[in-house]
Structures are given as C-alpha cells and as structure tokens.
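The values are calculated or read from the model by the stated rules, or taken from the named source; none is laboratory data. Just so we're clear, the structure is a prediction, and the values are computed from it rather than from any experiment. In this analysis, Cβ positions are derived from the backbone assuming ideal geometry, glycine residues included, and neighbour counts consider all displayed protein chains.
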Amino acid sequence: MRRPALLGFASDDFMADLAASLATRPGDVEAFLAKPETFARTMRQIHDGTGMPLLWQMIIFVGGILPALLALTGILMWLRMRRRRERHRTSMAALAEADALAN
C-alpha cells in the first residue's frame, strides 16, 4: 500500500528497488544492507526532519517558530496592559482631584 506523498517516507520504495536489483543482479545484496542506525542519528533525523515526510517537517517548523511568537505576543500584551494601567491611574487621580475641589 502506497502512502500519499505528504505522509511518505524516503525509504518507502526500498523493497521495490531491492526486488528489481536482485532480479537483474542477484549478487548485489551488499548494496542494500542497512547501515546500523545509532541513537544519535535517529534523534537527529527526528529533530531536523531529514528523510521525514513533509507533514513532520511542517510540525518541526511550527514547533520552532511558536516560542518566538509567544514571546512577542507576551511582550505586546504586557506593554498594552502597562499603558492601560497608566491611563487608569491618571484618570483616577483627576477624578480624586475634581472631587476634592468640589467639596
């Protein structure tokens, strides 16, 4: 069963390539023997998306850009609230002064 291109892995066509190669050159098995995957190599592949489907690469991109966006929106919210508090303080002071002058 073939996966859609968005979800496909780089190794999906391995068995078809192996069968075709062995049919034409039966002694060429060594070219298809897997190299041992180390834990570090696997973690690196998951981290940077090398050989992974486009969907995984998009998840990695969003996961990388999200902290920067959250920091930016947090600073903007803080500045907006700071300005609002300052306006509230000045308006309350003006009301208190006007109240004191009226009495």
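Residues that are loosely packed, with under 10 Cβ neighbours inside 10 Å and either among the small types (Gly, Ala, Ser) or at positive phi (or both) within the range 35-63 comprise Ala40, Gly63, listed in sequence order.
Mind telling me which of the residues Ala98, Ala68, Ala40 ends up being more than 29 Å from the chain's Cα centre (by Cα) and among the small types (Gly, Ala, Ser)? Checking each option against the conditions leaves just Ala98.
Of all residue pairs spaced 6 or more apart or on separate chains, those with beta-carbon atoms under 9 Å, a first member in the range 53-64 that is closer than 18 Å to Met43 by Cβ and a second member that is in a helix (DSSP H, G or I) and among the β-branched types (Val, Ile, Thr) are Trp56/Ile46; Ile60/Ile46.
On the basis of being of a type outside the set (Gly, Ala, Ser), exposed (fewer than 10 other Cβ atoms within 10 Å of the Cβ) and at pLDDT below 90, does Glu86 make the cut? So Glu86 does not fit the description; no.
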